[in-house]
1. Write out, first by first residue and then by second, each pair whose Cβ atoms fall under 9 Å of each other, whose residues are 6+ apart or on separate chains, and whose first residue, in segment 133-147, is closer than 14 Å to Thr74 by Cβ and part of a loop (DSSP other than H, G, I, E, B) while the second is of a type outside the set (Lys, Arg) and away from the ligand (no atom under 15 Å from the Cβ).
2. Please verify whether Ile272 is open to solvent by 10 Å² or more (accessible area, probe 1.4 Å), within 16 Å of the ligand (Cβ to nearest atom), within 29 Å of Ile144 (Cβ to Cβ) and outside any helix (DSSP H, G or I), treating the condition exactly as stated.
3. Would you point out which residue out of Leu158, Leu106 is touching a helix residue (DSSP H, G or I) at 6+ places or on another chain (Cβ under 7 Å), closer than 19 Å to Gly186 by Cβ, away from the ligand (no atom under 15 Å from the Cβ) and outside any loop (DSSP other than H, G, I, E, B)?
4. Pull up segment 64-88, narrow it to residues that are touching a helix residue (DSSP H, G or I) at 6+ places or on another chain (Cβ under 6 Å) and open to solvent by 20 Å² or more (accessible area, probe 1.4 Å), then point me to the one that is farthest from Tyr195 (Cα to Cα).
5. Return only the number of the condition from (1) in a helix (DSSP H, G or I); (2) under 29 Å from Lys322 (Cα atoms) that Tyr206 does not satisfy.
6. Could you please find all residues in segment 134-155 being surrounded by fewer than 24 Cβ atoms within 10 Å (Cβ to Cβ) and away from the ligand (no atom under 11 Å from the Cβ)?
7. Being surrounded by fewer than 18 Cβ atoms within 10 Å (Cβ to Cβ), free of Cβ contacts under 8 Å to residues at least 60 places away in the same chain and not in a helix (DSSP H, G or I) is the filter here, so list the residues in segment 231-261 that pass it.
Amino acid sequence: MKNRMVLLILLFLASVALHSCDSSDRGNGQQAKVEEAEPAVAAPDFNADSAYHFVAEQVAFGPRVPNTGPHRATGDWIISKLREYGADVKVQNFQMEAYDGTTLNLRNIIASYNPDVAKRVMVAAHWDTRHVADRDDQNQDKPIDGANDGASGVGVLLEIARTIHEAQEKPGVGVDLVFFDGEDYGQPDDSDLPYKEDSWALGAQYWSKNKHKPNYRAQYGILLDMVGAENAKFAREGISMQYAKRVVDKIWKAGNRIGYSDYFRYVKAPAITDDHYYVNEIAKIPMVDIIEYNMSGNGDYFGPYHHRHTDNMDIISKNTLKAVGQTVLHVLYNE
Ligand SMILES: [Zn+2]
């Protein structure tokens, strides 16, 4: 009896083991195939002129450095635009201490579409700009315009908001546009102050610990940072690949499928600490960073304008804003 019983149990265990390895493989494989076959939903048109205009308006306010008038005015303007575009807007007011001891008065702004839909995707960008041009060799203590590093991501988010608002057809998922503050007030490399851990991405750290809605969940997140420079290239960044490879694949496939293979390159890029790092680590929401990568490999990870006074409207391209904005809309409408 026993022997027979043992034999039966062994047979059962063997079949369970066989089934489990089989289902994960089969699941993945089949799912991928299904995605291939399904016709894509055509997303509404992303208007690059309008996105460009939003970038220029922010720069016209002046550098958006926390605790300054231009920063306050720009935040108010972003909130008013989002309300104009019919979003359900929430604002988080909070204070964080910077590496130099300054108390920063910050605001994260969250705009939601289809607020009652459970399946949600978040798309984020930082709206503040850097208080110093620490990578420039002139006027290092002066703030930068942040046309690309700050305004470009916000410009794309505002145009996505306007497009969803105007479109007959809304995306099937819930969409949360998150404007993080205090991303770029981090400790300069050559600072002679004591080293402060986690001095960047303060708004993302705060939001990840204090969501705008209790128990907020999203399927995944897409971060946009420096997405407006002429001829920008976007590679598959390390933290994004580590925490959210499936989402990277989804975005890169969409971008290549709708004609932006010049921008979305199947190239790996080293990991960087940006807002998405804390959303992955603390909020446990898989988040990808679409951020310009300098493919020439001459030492600069980002473009040659990074944290310099050349980060102004001269480098902003409607084509790049279009490639990123249309790709993100495509992903949202096909989720
Ligand atoms: Zn920056």
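1. Note: pairs meeting the criteria are Pro143/Gly62; Pro143/Thr68; Asp145/Gly62; Asp145/Met313.
2. yes
3. Values: Leu158 fails: closer than 19 Å to Gly186 by Cβ.
Of the residues listed, the single one that is touching a helix residue (DSSP H, G or I) at 6+ places or on another chain (Cβ under 7 Å), closer than 19 Å to Gly186 by Cβ, away from the ligand (no atom under 15 Å from the Cβ) and outside any loop (DSSP other than H, G, I, E, B) is Leu106.
4. Per the stated criteria, the residue is Gly86.
5. The one condition Tyr206 does not meet is (2).
6. The answer is Asp136, Asp137, Gln138, Asn139, Gln140, Asp141, Lys142, Pro143.
7. Gly259, Ser261 - these are the residues of segment 231-261 that are surrounded by fewer than 18 Cβ atoms within 10 Å (Cβ to Cβ), free of Cβ contacts under 8 Å to residues at least 60 places away in the same chain and not in a helix (DSSP H, G or I).
Yes/no matrix, rows are residues, columns are (1) at pLDDT 95 or above; (2) at negative phi; (3) within 16 Å of the chain's Cα centre (by Cα):
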{"residue": "Gly172", "(1), (2), (3)": "yes, yes, no"}
{"residue": "Glu183", "(1), (2), (3)": "yes, yes, yes"}
{"residue": "Asp198", "(1), (2), (3)": "yes, no, no"}
{"residue": "Ala201", "(1), (2), (3)": "yes, no, yes"}
{"residue": "Lys209", "(1), (2), (3)": "yes, yes, no"}
{"residue": "Gln219", "(1), (2), (3)": "yes, yes, yes"}
{"residue": "Gly228", "(1), (2), (3)": "yes, yes, yes"}
{"residue": "Gly238", "(1), (2), (3)": "yes, yes, yes"}
{"residue": "Val248", "(1), (2), (3)": "yes, yes, yes"}
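The values are calculated or read from the model by the stated rules, or taken from the named source; none is laboratory data. Since the structure is predicted, the reported quantities are computational estimates derived from the model, not experimental observations. So basically every Cβ, Gly included, is an ideal-geometry build from the backbone, and we count neighbours across all protein chains shown. We work out accessible area using only protein heavy atoms, side chains counted, and drop any ligands, DNA or RNA first. Shrake-Rupley method; radii C 1.70, N 1.55, O 1.52, S 1.80 Å.
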